[in-house]
Amino acid sequence: MAIFVFLIIFSLMFYLMYKVKYFRTQLPAEKKWLSAKSSIALGSFVFFFGVNSLINPLSTVAIVVGIILLLVGLGSIWAGYKAYRFYLPFAIEEAEAVKEAEMKEKTVTD
């Protein structure tokens, strides 16, 4: 189905976007937060790939592989969501501290 191909590509693009952001940031809590978001995106990629393989089963092996990919994807989405919820307050606190430090630096230089 075309919708699952679109969702597979969409989730892969989000995974790549979050990984690029992960490598560009220097803040440790934000790195872990972005890693959790990329885990969710990669899990959704694997999940949609498994669903796509289950829709057009060519053999018993394709069905078994589809079910395994479905379960692995769901597990990765779940673990990524738990990590996302855990690191979100730390990332917010860290971003506020950086913003406050930049504001102090700006007022000192002016």
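Data for the structure
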item	result
Counted residues, segment 71-85 - those being under 16 Å from Ser11 (Cα atoms), surrounded by 17 or more Cβ atoms within 10 Å (Cβ to Cβ) and within 10 Å of the chain's Cα centre (by Cα)	3
Segment 8-20 - residue that is aliphatic (A, V, I, L, M) and either open to solvent by 70 Å² or more (accessible area, probe 1.4 Å) or over 14 Å from the mean Cα position of the chain (by Cα) (or both) and, of those, farthest from Gly43 (Cα to Cα)	Val20
Complete set of residues in segment 42-54 that are surrounded by fewer than 21 Cβ atoms within 10 Å (Cβ to Cβ) and touching a Phe, Trp or Tyr at 6+ places or on another chain (Cβ under 7 Å)	Val51, Asn52
Single residue of Ser39, Ser59, Ser35 found to be surrounded by 19 or more Cβ atoms within 10 Å (Cβ to Cβ) and hydroxyl-bearing (Ser, Thr, Tyr)	Ser39
Those residues of segment 44-62 which are within 19 Å of Ile9 (Cβ to Cβ), assigned to a helix (DSSP H, G or I) and not hydroxyl-bearing (Ser, Thr, Tyr), in sequence order	Phe45, Val46, Phe47, Phe48, Phe49, Gly50, Val51, Asn52, Leu54, Ile55
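Matching residues to (1) of a type in the set (Val, Ile, Thr); (2) touching an Asp or Glu at 6+ places or on another chain (Cβ under 9 Å); (3) outside any helix (DSSP H, G or I):
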residue: Tyr22; (1), (2), (3): no, yes, no
residue: Ser35; (1), (2), (3): no, no, no
residue: Leu42; (1), (2), (3): no, no, no
residue: Val64; (1), (2), (3): yes, no, no
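The values are calculated or read from the model by the stated rules, or taken from the named source; none is laboratory data. The shown structure was predicted, so the numbers you read here are calculated from the model rather than taken from an experiment. Here Cβ is always computed from backbone atoms with ideal geometry, including for glycine, and neighbour counts include all displayed protein chains. The area values use the complete protein model at the heavy-atom level, side chains included, leaving out ligands, DNA and RNA. Shrake-Rupley method; radii C 1.70, N 1.55, O 1.52, S 1.80 Å.
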